[in-house]
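**Student:** Can you read through this structure? Questions will come right after.
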Amino acid sequence: MKYTRKDAKTHAMATMKGIWAAALMPFKEDGAIDEGGFRGNMEHWIEDLGIDGFFIAGKQGEFFSMSVDERKRCFDMAVDAAGGRAQTIMSCSDQNMDVVIDLAKHAQACGADYIVVHAPVLHFLKAQDETLIRYYETIAEKVDIGMALWSHPDSGYLMSPQLCNRLADIETVVAIKYSVPREMYVELTRLASDRIKVSTASEEEWLDNILELSWDLYLCSSPPYLIQTAVDRRMRDYTDLAFAGKAEQARRIRDSLDPVRAALRNTRPAEKPHAHQKYWQDLLGQTGGHVRPPMLELTEDEKRATRAAFEGCGLKTA
């Protein structure tokens, strides 16, 4: 690791910055991981798009369809492909605590910068806070690598800002991907931004969060490589302008992406987010590939509608 356990928070505060993306994992038609395609995507994302960090084997990466060994292989590939040019955060989320810790130990050993662990599904609905504190404390006791929390509706509940503020006191908790209504992450920023990086996955809220909350980390989803190309880096551009204090210029560029956002949003079948984004990648010249069960592939009609929206959204590809 590039830091010691006791320096995890200090290191993250100083270096965990910029635009991070949640990587989709391309699969071949037979279900095998397309390692060559993934490495090619990483090269494009780093060198052409200027993405600063990558969230590996999370929900976007279909971790739920992969074996533990495959998830570890994804960690290894990502660290190797990043080659010190970008940072990595490895999703160790699982319902089984032993699997979480096993993955966390592998992430630490293979050279990942951080791990992320989402709040688990709990089979009771009241008085969860002490259980969740013990959950994250147990993981933190087993590894030294910096850990990001992740709260989102898929867990069946949202961790409160007050709970997350308590969790921020854990020595190796360095960040949170807080997929919650804005008022909740604004409150957590007020409570805990002196100890952890607070972020959310919404690209549409990113600029306001830079300007109004002084955020410097987008952690993260797929827009950084879906709404940008080598010749059209508007997310990177408006981010850098905002960091430089040029708010009005940043807003104009952010708003110019509305047709691209609409094209993505309006053609995405609710039950097929992965297949839709992967097809969009294919249209961009990246390697999207196939999804694994239980995810569903797009129909030909859905592909035609997506292609038409892509071609008319104003995203420059050459």
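The values are calculated or read from the model by the stated rules, or taken from the named source; none is laboratory data. What you see is a predicted model; the values in this text were computed from it and never measured. For neighbour counting, all protein chains shown are included, and Cβ atoms are generated from backbone atoms with ideal geometry for every residue, glycine included. Calculation scope for accessible area: heavy atoms of the full protein, side chains included, ligands and nucleic acids excluded. Shrake-Rupley method; radii C 1.70, N 1.55, O 1.52, S 1.80 Å.
**Student:** Are any residues in the range 55-88 on the phi > 0 side of the Ramachandran plot and within 17 Å of the chain's Cα centre (by Cα), and if so, which ones? Don't jump to the end; show me each part of the working.
**Tutor:** As a first pass, look at the range 55-88 and keep what is on the phi > 0 side of the Ramachandran plot: 57, 62, 83-84.
If the condition is that a residue be on the phi > 0 side of the Ramachandran plot and within 17 Å of the chain's Cα centre (by Cα), then A57, E62 are the ones that fit.
**Student:** Among the helices (runs of 4 or more DSSP H) contained in the range 217-269, which hold 2 or more residues that are more than 17 Å from S202 (Cα to Cα)?
**Tutor:** Details: elements: 223-226, 234-243, 247-256, 258-267.
Answer list for the range 217-269: 234-243, 247-256.
**Student:** Follow-up. Out of all the residues in the range 233-251, which are in contact (Cβ under 8 Å) with a residue 60 or more places away in the chain and open to solvent by less than 10 Å² (accessible area, probe 1.4 Å)? Full working, then the answer.
**Tutor:** From the range 233-251, those in contact (Cβ under 8 Å) with a residue 60 or more places away in the chain are 233, 235-236, 239; that's our starting set.
Passing the criteria: M235, T239.
**Student:** Look at the range 298-309 and say how many of its residues are assigned to a helix (DSSP H, G or I) and surrounded by fewer than 19 Cβ atoms within 10 Å (Cβ to Cβ). Break it down into steps so the answer makes sense when it comes.
**Tutor:** Taking the range 298-309 first, the residues assigned to a helix (DSSP H, G or I) are 300-309.
Then drop every residue that is not surrounded by fewer than 19 Cβ atoms within 10 Å (Cβ to Cβ), which leaves 300-305, 307-308.
Count: 8.
**Student:** Kindly provide the set of residues from the range 282-318 that are farther than 20 Å from S256 by Cα and without any contact (Cβ under 8 Å) to a residue 24 or more places away in the chain, ordered by number.
**Tutor:** Those that are farther than 20 Å from S256 by Cα and without any contact (Cβ under 8 Å) to a residue 24 or more places away in the chain: D282, T299, E300, D301, R304.
**Student:** Continuing with this model, one more query. Given the conditions (1) in contact with a helix residue (DSSP H, G or I) (Cβ under 7 Å, 6 or more places away or on another chain); (2) among the basic types (K, R); (3) surrounded by fewer than 19 Cβ atoms within 10 Å (Cβ to Cβ), which single one is not true for R254?
**Tutor:** So R254 meets the others, but not (3).
Conditions (1) crowded, with 18+ Cβ neighbours inside 10 Å; (2) of a type outside the set (A, V, I, L, M, F, W, C), marked per residue:
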{"site": "D7", "(1), (2)": "no, yes"}
{"site": "M25", "(1), (2)": "yes, no"}
{"site": "G31", "(1), (2)": "no, yes"}
{"site": "R39", "(1), (2)": "no, yes"}
{"site": "D52", "(1), (2)": "yes, yes"}
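**Student:** Then there is this: Can you pull out the residues in the range 87-97 that are open to solvent by less than 10 Å² (accessible area, probe 1.4 Å) and outside any strand (DSSP E or B)?
**Tutor:** Restricting attention to the range 87-97, the residues satisfying the condition of being open to solvent by less than 10 Å² (accessible area, probe 1.4 Å) are 88-93.
Within the range 87-97, C92, S93 meet the criteria.
**Student:** Restricting to the range 187-216, name every residue that is part of a loop (DSSP other than H, G, I, E, B) and open to solvent by 40 Å² or more (accessible area, probe 1.4 Å).
**Tutor:** Taking the range 187-216 and keeping what is part of a loop (DSSP other than H, G, I, E, B), we get 193-196, 200-202, 214-216.
S193, D194, R195, S214, D216 - these are the residues of the range 187-216 that are part of a loop (DSSP other than H, G, I, E, B) and open to solvent by 40 Å² or more (accessible area, probe 1.4 Å).
**Student:** Right, something else. Open to solvent by 50 Å² or more (accessible area, probe 1.4 Å) and assigned to a loop (DSSP other than H, G, I, E, B) - does that describe any residue in the range 98-111?
**Tutor:** No, there is no match, as no residue in the range 98-111 is open to solvent by 50 Å² or more (accessible area, probe 1.4 Å) and assigned to a loop (DSSP other than H, G, I, E, B).
**Student:** Quick one: in the range 285-297, which of the residues that are surrounded by fewer than 20 Cβ atoms within 10 Å (Cβ to Cβ) and of a type in the set (A, V, I, L, M, F, W, C) is nearest to the chain's Cα centre (by Cα)?
**Tutor:** Applying the filter and picking the extreme gives M295.
**Student:** Just the residues that are among the hydroxyl-bearing types (S, T, Y) and touching a residue at least 60 places away in the same chain (Cβ under 8 Å), please, taken from the range 37-72. Show your work before the answer.
**Tutor:** Restricting attention to the range 37-72, the residues satisfying the condition of being among the hydroxyl-bearing types (S, T, Y) are 65, 67.
Correct list: S65 only.
**Student:** May I pose another question? If I filter the range 272-281 for residues that are loosely packed, with under 14 Cβ neighbours inside 10 Å and either in contact (Cβ under 8 Å) with a residue 40 or more places away in the chain or outside any helix (DSSP H, G or I) (or both), do I get at least one hit?
**Tutor:** Taking the range 272-281 and keeping what is loosely packed, with under 14 Cβ neighbours inside 10 Å, we get none.
No, the range 272-281 has no match at all.
**Student:** Then there's this: If we scan the range 173-184, do we find a residue that is among the aliphatic types (A, V, I, L, M), free of Cβ contacts under 8 Å to residues at least 60 places away in the same chain and within 18 Å of A57 (Cα to Cα)?
**Tutor:** yes
**Student:** Continuing with the same structure: Are any residues in the range 132-158 under 20 Å from the mean Cα position of the chain (by Cα), assigned to a loop (DSSP other than H, G, I, E, B) and closer than 21 Å to F55 by Cα, and if so, which ones?
**Tutor:** Of everything in the range 132-158, those that are under 20 Å from the mean Cα position of the chain (by Cα), assigned to a loop (DSSP other than H, G, I, E, B) and closer than 21 Å to F55 by Cα turn out to be I145, H152, L158.
**Student:** Among the residues of the range 171-185, count how many are surrounded by fewer than 16 Cβ atoms within 10 Å (Cβ to Cβ) and in a helix (DSSP H, G or I).
**Tutor:** Result for the range 171-185: 2.
**Student:** Looking at G31, is it under 19 Å from H290 (Cα atoms) and not in a helix (DSSP H, G or I)? It would help to see each step written out before you state the result.
**Tutor:** Numbers: under 19 Å from H290 (Cα atoms): yes; not in a helix (DSSP H, G or I): yes.
It is true that G31 is under 19 Å from H290 (Cα atoms) and not in a helix (DSSP H, G or I).
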